[in-house]
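The values are calculated or read from the model by the stated rules, or taken from the named source; none is laboratory data. These figures come from a predicted structure and were not determined experimentally. Note that we place each Cβ from the backbone using ideal geometry, even for glycine, and neighbour counts take in every protein chain shown.
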């Protein structure tokens, strides 16, 4: 049985995977007790939760409800049960034998205390005695933390008395900002009530009952009251008086609320596009009184609209088509005063996901009642606009209500956007009008509302089809027949009357008169002419009958397709081949002659000349970026240019991306050096050629950066006077482009080569090189990564060169150049990166392990050398160690994940001189917590090397939920120079991946003058005594504090100046004791206490009695005793 009473300890059941128990009870009294299942903090079966395969319950004492009505059970619950497998029940019985389920949720999973109430009046009426039972049933596997209950209360009122007062539900007392045009008052059930009377008004001041709206109106047995048309910015008072056959409740509270300022929209057009990310901008209301879902605001739905309609990246209102599905989701607009509009129109955009069953309807409130289902909408495949005429619903308090009906699945979300109320358009004009047969533009008279059009001679006027446009939202009919532009045919033998209707339903007659031309047209001009590849508008010369047009440099002029128009009723051909605009292709390598023939047969030749624009500078060899002189510097990107070349005699791969073409014409013989830096991508290629890259055998020099982005240099490229050199920057097809800085310099002094390190110590380095021909050299050096020109310059050095004055354990970059004479130096070569030796550091010494990398002069080794079998300095630990709270890169750790078979994952400090410390002490932070398999741990060993041998000074394998600060006194190494190593043996854990080991803040500093002892143990334990032993710090005297386990420290048995070991005597059999010890180094100089060590004495060995001898012979007997 796992039920018990006591303090909850936060356990989470046998599975360890549920929400845990609370760590305190609900009520505020001092006992902190609850009734619960498995209150222990552990995670075993029945620890921290319920048992598996069980039916366990807790039954209340007998409850006598004689003479009470309105009986209610209330308690606070903190419970967790495995979903679908383990069930929770609350049951009631009148005889403790037959139990009735009260309908409690079967699978609660709480993260906070929850109040639960049940009306048990009906059961109390059956019997004078009641029992309550909290029960659970579990299966045979996973177990959770189970029941915890607190503050169980059964209340009721004596029969034959009036009811108690009701409590307010909503709006809360003294609430502000309440919508006054429509809303409801709600209250909780009053014990013993059979009905309620309502008092409501602005009078009474909250002291006496208000009466000027409702004066004790008998509402019957209801718990809410709907109101309409309350004044804005007004305080209202209300009170609910419950009653029954024995009278009315007395002394009931008078509550108040204040209505909001008038939110009514009075200025139109008005739009809601949700871009404020709030329903409150225009006081929209989510009406979820019937339990429906709330409308949401977001940038996308889960299924359907993936972006809003307004901008594609803004907000919209939407409903999630997840459960509950059976209750409409209602969104109501703020009040709208439409009385000042002439003819209001509502428009909005909607998108309903693809699943069948979802829908959206719109209701309109006309100031008196809701007009339902003005329009109903179903699923679609994108944003669609809907328009609704509001002219019949104008009032000072009109509203729009959107009612979403969800499908029974989950993938049909509903979205709304750009809700607009505006005036209906009054425009009803004919804007454009034409026939294919017309000889010239129509004459549209928007004063007299007439259209006059002439058509070609011989046109059949009885079946003409017009192309026309009307005012926005207008429509047209002829003799009640709807007119569709480009479709509807009419007889224009006589003038035709179009009736054009505006959106507001007003109309205008338009008279269209068509006349037939008396002669044929002689017009044969090209009116417009262009290509998609054109860089600018064509120049059309209608005197000389020519067209001149420029196209892009990379256009294929052998197959260009022109878009053109010619004179009305004229035809156009090239050498007898008819030409169609946007269809016919021609070769424009040379000028092309069109023949345009007028309606009357008059021909005219038109000459079209196409020129090709210059290519962008740097894109092709014919228009390169010209480098006028050296030195030259540029910062650029190949992505600004094109991908015109795919081969190079240097390397095809590094010419497959975008490229930039430079040329330089040498002004003298000499050497050219090209530096590439700040590369913005990988696989950069530099090609130096004596011709365009599509010319074979033209490569002079090249460099390719492969998958790196490091700087590179091509040094001393020989150049000759007046020769032209092509310099091309490109990449692979992936990444296609690269940004870069490029510097090109000239020199007549060859650079040295083969810069190398000869030797290095803690403060100097010797470097050498192969000269380019000079007898003098310059060296520049500085911290690794420094910029040339900012380092230390050494001139006229020898080869090799000895550079002194360096810092230990520091990385430097070295560059060297030949010096051929005054003003004649070579390019720099380098860098050569050199790291000086570590040397010995002097304590105090701290490594906070906060850089995310292994520090210089530290070693990280193991016999296996796999990534998981070395110390790591970035990443986050797993399992129990994931709760360590420190960010990645701020500690070192050993990963228990596979492979995990190393016995010596080792981190070693540099050599440290301890001679400055009186009492050297090692301090470090350690985290080790196997929450999945407690007690299954990898082991950490700490060893110290004094130059002769490694000595173990500390060992740990265990679990603790927080970082621990470990202190190890190193007095045996005083005045020594030492190294410290931290070694993890992964094989000491059965399942290492559950137990990552974390290390931080390694410090060697001055320790306490009186270090604490270590290694406290109890040995030789008998029924009345035990020996206590320890490893001393620096003292020769010690103090002991002891008593029964859990004792208050100040009240324990203190013994001063004891020896080591120390014998505790006079103990009780089978009793458990705690013992502490401290070093005593002198008067007033004692260490911290070490302990407690806990042990239990043995049982007393009693003297046997009633000894008897039976079956006695000459040589034997059987003995027995008690």
> Is there any pair linking a residue in the range 123-147 that is assigned by TED's automatic domain parsing to the domain that holds residue 91 and on the phi > 0 side of the Ramachandran plot to one that is assigned to a loop (DSSP other than H, G, I, E, B) and crowded, with 18+ Cβ neighbours inside 10 Å, with Cβ under 6 Å and at least six apart or on different chains, and which?
Replying inline: 146/49; 146/50
> If you take the residues in the range 215-247 that are modelled with pLDDT of 95 or more and farther than 18 Å from residue 170 by Cα, which one is surrounded by the most Cβ atoms within 10 Å (Cβ to Cβ)?
Replying inline: 243
>> Condition check: within 60 Å of the chain's Cα centre (by Cα), closer than 26 Å to residue 622 by Cα and not in a strand (DSSP E or B). Does residue 582 satisfy that?
In response: no
> With (1) surrounded by 15 or more Cβ atoms within 10 Å (Cβ to Cβ); (2) more than 54 Å from the chain's Cα centre (by Cα) as the list, and residue 794 as the residue in question, which single condition is left unmet?
Replying inline: (2)
> Between residues in the range 376-401 that are assigned to a helix (DSSP H, G or I) and residues that are surrounded by 18 or more Cβ atoms within 10 Å (Cβ to Cβ), which pairs lie under 7 Å by C-beta distance while being six or more apart or on different chains?
Replying inline: 391/343; 391/344; 393/364
> Under the condition of being in contact (Cβ under 8 Å) with a residue 24 or more places away in the chain and part of a loop (DSSP other than H, G, I, E, B), which residue from the range 481-502 is surrounded by the fewest Cβ atoms within 10 Å (Cβ to Cβ)?
Replying inline: 493
> Looking at this structure, is residue 657 out of contact with any helix residue (DSSP H, G or I) (no Cβ under 7 Å at 6 or more places or on another chain), in contact (Cβ under 8 Å) with a residue 60 or more places away in the chain and surrounded by 17 or more Cβ atoms within 10 Å (Cβ to Cβ)?
Replying inline: no
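Within the range 1038-1090, which strands (runs of 3 or more DSSP E) (wholly inside it) include 2 or more residues that are under 20 Å from residue 1026 (Cα atoms) and over 57 Å from the mean Cα position of the chain (by Cα)? Before you say what the answer is, go through the steps one by one.
Working: elements: 1053-1058, 1062-1065, 1072-1082.
Hits in the range 1038-1090: 1053-1058, 1062-1065.
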> Counting just the residues of the range 449-480 that are exposed (fewer than 12 other Cβ atoms within 10 Å of the Cβ) and in contact (Cβ under 8 Å) with a residue 40 or more places away in the chain, which one comes out nearest to residue 508 (Cα to Cα)?
Replying inline: 472
>> Yes or no: the range 553-576 includes at least one residue that is touching a strand residue (DSSP E or B) at 6+ places or on another chain (Cβ under 7 Å) and free of Cβ contacts under 8 Å to residues at least 24 places away in the same chain.
In response: yes
> Restricting attention to the range 544-553, does a residue exist that is under 28 Å from residue 468 (Cα atoms) and at pLDDT 95 or above?
Replying inline: no
> Looking only at the range 880-894, which residues are under 17 Å from residue 934 (Cα atoms) and crowded, with 18+ Cβ neighbours inside 10 Å?
Replying inline: 880, 881, 884
> Hey, among the residues in the range 1013-1037 that are buried (at least 20 other Cβ atoms within 10 Å of the Cβ) and under 17 Å from residue 1088 (Cα atoms), which one's nearest to the chain's Cα centre (by Cα)?
Replying inline: 1013
> When only residues in the range 944-961 that are within 17 Å of residue 893 (Cβ to Cβ) and either in contact (Cβ under 8 Å) with a residue 40 or more places away in the chain or assigned to a strand (DSSP E or B) (or both) count, which is nearest to the chain's Cα centre (by Cα)?
Replying inline: 961
> Looking at the range 155-183, which of its residues are within 29 Å of residue 25 (Cα to Cα), within 47 Å of the chain's Cα centre (by Cα) and surrounded by fewer than 21 Cβ atoms within 10 Å (Cβ to Cβ)?
Replying inline: 167, 168, 169, 172
>> Yes or no: the range 969-980 includes at least one residue that is touching a strand residue (DSSP E or B) at 6+ places or on another chain (Cβ under 7 Å), modelled with pLDDT of 90 or more and closer than 30 Å to residue 882 by Cβ.
In response: yes
>> Given the criteria touching a helix residue (DSSP H, G or I) at 6+ places or on another chain (Cβ under 7 Å) and in the same structural domain as residue 151 (by TED's automatic domain parsing), does residue 92 qualify?
In response: yes
> Within the bounds of the range 1099-1106, is there any residue that is within 60 Å of the chain's Cα centre (by Cα), touching a residue at least 12 places away in the same chain (Cβ under 8 Å) and surrounded by 10 or more Cβ atoms within 10 Å (Cβ to Cβ)?
Replying inline: no
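Residue-wise test of (1) closer than 19 Å to residue 574 by Cβ; (2) over 50 Å from the mean Cα position of the chain (by Cα); (3) outside the structural domain of residue 705 (by TED's automatic domain parsing).
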| position | (1), (2), (3) |
| --- | --- |
| 602 | yes, yes, yes |
| 608 | yes, yes, yes |
| 618 | no, no, yes |
| 633 | no, no, no |
| 639 | no, no, no |
| 650 | no, no, no |
| 661 | no, no, no |
| 678 | no, no, no |
> Which of the residues that make up the range 738-753 are more than 25 Å from residue 826 (Cβ to Cβ) and either surrounded by 19 or more Cβ atoms within 10 Å (Cβ to Cβ) or out of contact with any strand residue (DSSP E or B) (no Cβ under 7 Å at 6 or more places or on another chain) (or both)?
Replying inline: 738
> What's the number of the condition residue 977 fails, among (1) under 29 Å from residue 840 (Cβ atoms); (2) crowded, with 21+ Cβ neighbours inside 10 Å; (3) in contact (Cβ under 8 Å) with a residue 60 or more places away in the chain?
Replying inline: (2)
